[in-house]
Amino acid sequence: MPARIPVLPVAALFFLCLAAGVRAQDYDNDEAIQPPPKAQDSCNGVFLTYNFISRTKEFPHVKNTSAQSWAFKAQATILNTMMYELEDWSIFIGFQHQEILVSVGGAVITDGTDFPAHVGNGTTLSGYPQTDLLTSIETAGDMSQIQVVVDITGTQFGVKAPDTPMPHTIKLENPGYKCPAVTKKSHVVVVVVVAETQMFVCCVKDPKFKPNKTDTHHFLPRRYGDLTFAYDVLQSYDSNYMAQVTIDIHSPLGRLDNWNLTWEWKRGEFIYNMRGAYTLRKDGSDCLYGKAAKYYQDFDFSKVMNCETKPTIVDLPPERSKDKDIGNLPYCCKNGTLLPPIMDPPQSKAIFQVQVYKLPPDLNRTAFYPPTNWKIHGVLNADYVCGPPFRVSPMKFPDPSGLMSESEAIASWQVVCNVTRPKKHASRCCVSYSAFYNDSVIPCDTCACGCDDSKSCNHDGRALLLPPEALLVPTENRTAKAKAWAKIKHYHLPQQLPCPDNCGVSINWHIMSNFGKGWTARITLFNWEDYNFKDWFVALEMDKAYLGYEKAYSFNSTKLIGPGAINKTFFLQGLEGLNYLISEAEGKNPETDPRVPGKQQSVISFTKKETPGIDIVKGGGFPTRVYFNGEECALPERIPRAFAVHQHSTVSPLVVMLLAAVVALILILD
């Protein structure tokens, strides 16, 4: 009699298969990518697809699901299914699982963020090197010209198997297109384990959108930004080309001091020579031991300026402006200083030229790929976020001989950058408040410009009130004064004192007087850096007091006119001969006296005629935003409290003007 073969119960089989599916997803290799959705065939627009491919559990393995990291692979596709070319494409992927992108193929992160990039709130990708998608009609359906495949590799957290870490949306970012809600598609992982692994959407042209007029060659229009770069190819050869880079500041509050510019070469290019600027590292060794040496076998790489993938470029000093070898260009050689146009229009522009060598397969006269991931920084200036380069109409230049004719660049690109607001505890300057009706100064906020990891002070504690003379003392020497002031005023003194502000520049805004027809304030700048700020400026945005602004007695002042908050902002800069905010210096006796900051000061008068009902004491007399050299400064979270007897002062405008004149005379004599 034959032996019976045990039959595994159906339920047990189900759970074994389920476990196998979970295990497979923990440690699997690449899975097959799903075929294109059928909806692609009926799309007349731009069809976007996001495919989750695979993921693998990363070390360390932890029990907490939300803390477990996974390495994942995904793929996004952008397909042009309409009869119009899609120029300078960009897509938004709504990541939502604390994703960290490690690499992206076929695209770049639009704002130039370096890898690994934290994109848990979503990110925008732009095409590179294939920035434009042609139509199926003009390419005979060549998928390599009408579609881009973007390979994505990264890390994500907190999604337990068998679920998959899908973004919440994908959409086309190009203006003039509408994208409906995405469609999500599931597939069977194993037996009956179903997971979402694909989403897609068809974005179509918005018939109500009115685009900017483009030229006959269908180049993208130039865009406005706080700062822009122009990358213009002036000369071209099979193996190399000469490009001119122009930096323009357009924002009335934009500025850079000692600018450092970085970008990234994506196709093995290297810099042979430069005029108007130079790279901080002059070394051809990266070429000598890389791909360049294999092609340029008889090339003398000792004469190459820079072979880094991400070079750092800086401006030349003024004394090299007439140097025929490395200078002698208009707008060059300012030691990295770019001022806002309102201060000095010629000083808001910089130019340099760079000779670039290429590698195969780009060895022809018309193959150009500008660098990506442009970033520019200055000393105590605002942070700029730059987009990718996009092709624009060739730049026109006046004939150098003086004739009325114009010459054109061979090819031109534009990079647009905009200022970002500093995050909390990440400013580089801060503001303190004081008033005639309160004895105490409200100092800059705790850790306004960041704090180290030291636990000796409280990073989140409220800053202690100070006596007015403490503003002249470095933050590390204020502790004794703050303790003594708290004792005199019977203020609460916490057991762990708050950390200092750690700012290189601080600004005090002091309400001097408040009378029937007007009021006055005094602004004082303190420089705690070992750096002299030449041609400094301060911009004050005052929502309630702007219309009543009259004049600054010791500074040059200008009311700004423009869109939005600019119409509530006035601009202050030093008088001729007083345009330096000097660096911090040693005290008279360095062994006993604290260091002394560089400082500038002016009284500012306001009238109440144009601002009836303004309440100075309740906040109307304090700025909404303060900028120093383009950087937005951190403001205190509170204002000085007033007591009824002190809310109005009897100081006359004549006394204020006399005091301002005395202050100006002292500064000039110093």
Select from segment 54-69 the residues that are in contact (Cβ under 8 Å) with a residue 12 or more places away in the chain and surrounded by fewer than 22 Cβ atoms within 10 Å (Cβ to Cβ) and list them in ascending order.
54, 56, 57, 58, 65, 66, 67, 68, 69
Checked against (1) out of contact with any Phe, Trp or Tyr (no Cβ under 8 Å at 6 or more places or on another chain); (2) within 27 Å of residue 130 (Cα to Cα), residue 78 satisfies every condition except (1)
Unmet requirement for residue 558, which otherwise passes all of (1) farther than 19 Å from residue 629 by Cα; (2) touching a residue at least 60 places away in the same chain (Cβ under 8 Å); (3) not in a loop (DSSP other than H, G, I, E, B)
(1)
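Output the residue which, of all residues in segment 40-68 that are touching a helix residue (DSSP H, G or I) at 6+ places or on another chain (Cβ under 7 Å) and within 30 Å of residue 146 (Cα to Cα), is modelled with the lowest pLDDT. Let's see the steps before the verdict.
Here is the first cut: in segment 40-68, the ones touching a helix residue (DSSP H, G or I) at 6+ places or on another chain (Cβ under 7 Å) are 47, 55-57.
Pick out the ones that are also within 30 Å of residue 146 (Cα to Cα) and you get 47, 55.
On the way: 47: 98, 55: 92.
Across segment 40-68, the extreme among qualifying residues is 55.
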Selected residue (criterion: modelled with the highest pLDDT) from residues of segment 534-575 that are hydrophobic (A, V, I, L, M, F, W, C) and touching an Asp or Glu at 6+ places or on another chain (Cβ under 7 Å):
547
Right, residue 451: touching a Ser or Thr at 6+ places or on another chain (Cβ under 7 Å) and over 30 Å from residue 233 (Cβ atoms) or not?
no
Determine which single condition residue 413 fails, assuming it passes every other condition in (1) of a type in the set (Phe, Trp, Tyr); (2) buried (at least 17 other Cβ atoms within 10 Å of the Cβ); (3) more than 29 Å from the chain's Cα centre (by Cα); (4) over 30 Å from residue 494 (Cα atoms).
(3)
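The rows are residues; the columns are (1) out of contact with any Pro (no Cβ under 9 Å at 6 or more places or on another chain); (2) hydroxyl-bearing (Ser, Thr, Tyr).
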| site | (1), (2) |
| --- | --- |
| 367 | no, no |
| 370 | no, no |
| 377 | yes, no |
| 387 | yes, no |
| 400 | yes, no |
| 405 | no, yes |
Residues of segment 273-290 being closer than 22 Å to residue 336 by Cβ and either part of a strand (DSSP E or B) or among the aliphatic types (A, V, I, L, M) (or both), which ones?
273, 274, 275, 277, 278, 279, 280, 283
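Every residue, every condition in (1) aliphatic (A, V, I, L, M); (2) touching a residue at least 40 places away in the same chain (Cβ under 8 Å); (3) not assigned by TED's automatic domain parsing to the domain that holds residue 34, yes or no:
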| site | (1), (2), (3) |
| --- | --- |
| 86 | yes, yes, no |
| 98 | no, yes, no |
| 115 | no, no, no |
| 122 | no, yes, no |
Show the residue pairs meeting these rules: Cβ distance below 8 Å; 6+ apart or different chains; first residue within segment 430-443 and closer than 12 Å to residue 642 by Cα; second residue aliphatic (A, V, I, L, M) and in a strand (DSSP E or B).
434/441; 434/442; 434/511; 435/511; 436/511; 436/512; 437/511; 440/466
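Out of curiosity, is residue 283 touching a helix residue (DSSP H, G or I) at 6+ places or on another chain (Cβ under 9 Å) and either without any contact (Cβ under 8 Å) to a residue 12 or more places away in the chain or acidic (Asp, Glu) (or both)? Before the answer, list the steps.
On the way: touching a helix residue (DSSP H, G or I) at 6+ places or on another chain (Cβ under 9 Å): no; either without any contact (Cβ under 8 Å) to a residue 12 or more places away in the chain or acidic (Asp, Glu) (or both): yes.
Against the criterion (touching a helix residue (DSSP H, G or I) at 6+ places or on another chain (Cβ under 9 Å) and either without any contact (Cβ under 8 Å) to a residue 12 or more places away in the chain or acidic (Asp, Glu) (or both)), residue 283 does not qualify.
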Residue ranges of strands (runs of 3 or more DSSP E) in segment 467-551 with at least 2 members surrounded by fewer than 22 Cβ atoms within 10 Å (Cβ to Cβ):
505-514, 518-527
Restricting to segment 119-137, count the residues that are farther than 12 Å from residue 87 by Cβ, crowded, with 16+ Cβ neighbours inside 10 Å and more than 17 Å from the chain's Cα centre (by Cα).
2
Between 511, 488, which is under 30 Å from residue 614 (Cα atoms) and of a type in the set (Val, Ile, Thr)?
511
Do any residues in segment 42-53 that are on the phi < 0 side of the Ramachandran plot have Cβ atoms under 7 Å from those of residues that are acidic (Asp, Glu) and surrounded by fewer than 24 Cβ atoms within 10 Å (Cβ to Cβ), where the two are at least six apart or on different chains, and which pairs are they?
53/30; 53/31
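For segment 603-621, enumerate the residues that are part of a loop (DSSP other than H, G, I, E, B) and out of contact with any Asp or Glu (no Cβ under 9 Å at 6 or more places or on another chain).
Taking segment 603-621 and keeping what is part of a loop (DSSP other than H, G, I, E, B), we get 608-615, 621.
Across segment 603-621, the qualifying residues are 608, 609, 610, 611, 612, 613, 614, 615.
Kindly indicate the residue of segment 393-417 that is assigned to a strand (DSSP E or B) and at pLDDT 95 or above and also nearest to residue 629 (Cα to Cα) among those meeting that condition.
Residue satisfying both the conditions and the ranking: 417.
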What is the number of the single condition among (1) farther than 28 Å from residue 627 by Cβ; (2) touching a Cys at 6+ places or on another chain (Cβ under 7 Å); (3) small (Gly, Ala, Ser) that residue 486 does not meet?
(2)
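Residues that are farther than 19 Å from residue 316 by Cβ: list the strands (runs of 3 or more DSSP E) wholly contained in segment 198-272 that include at least 2 such residues.
Working: elements: 227-236, 240-249, 260-264.
In segment 198-272, 227-236, 240-249 are the strands (runs of 3 or more DSSP E) which contain 2 or more residues that are farther than 19 Å from residue 316 by Cβ.
Are any residues in segment 576-602 in contact with a strand residue (DSSP E or B) (Cβ under 6 Å, 6 or more places away or on another chain), touching a residue at least 40 places away in the same chain (Cβ under 8 Å) and part of a loop (DSSP other than H, G, I, E, B), and if so, which ones? Reasoning before the result, please.
Pass one, segment 576-602, residues in contact with a strand residue (DSSP E or B) (Cβ under 6 Å, 6 or more places away or on another chain): 580-583, 585, 587, 596-602.
Imposing the further condition that a residue be touching a residue at least 40 places away in the same chain (Cβ under 8 Å) reduces the set to 580-583, 596-602.
Of everything in segment 576-602, those that are in contact with a strand residue (DSSP E or B) (Cβ under 6 Å, 6 or more places away or on another chain), touching a residue at least 40 places away in the same chain (Cβ under 8 Å) and part of a loop (DSSP other than H, G, I, E, B) turn out to be 582, 583, 597.
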Taking the condition touching a strand residue (DSSP E or B) at 6+ places or on another chain (Cβ under 8 Å), at pLDDT 95 or above and surrounded by fewer than 18 Cβ atoms within 10 Å (Cβ to Cβ), does residue 227 pass?
no
Which one of these does residue 594 not meet: (1) touching a Phe, Trp or Tyr at 6+ places or on another chain (Cβ under 9 Å); (2) under 21 Å from residue 432 (Cα atoms); (3) modelled with pLDDT under 95?
(1)
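The values are calculated or read from the model by the stated rules, or taken from the named source; none is laboratory data. Worth saying up front: this structure is predicted, and the values here are computed from it rather than measured. Cβ atoms come from the backbone with ideal geometry, glycine included; neighbour counts cover every protein chain shown.
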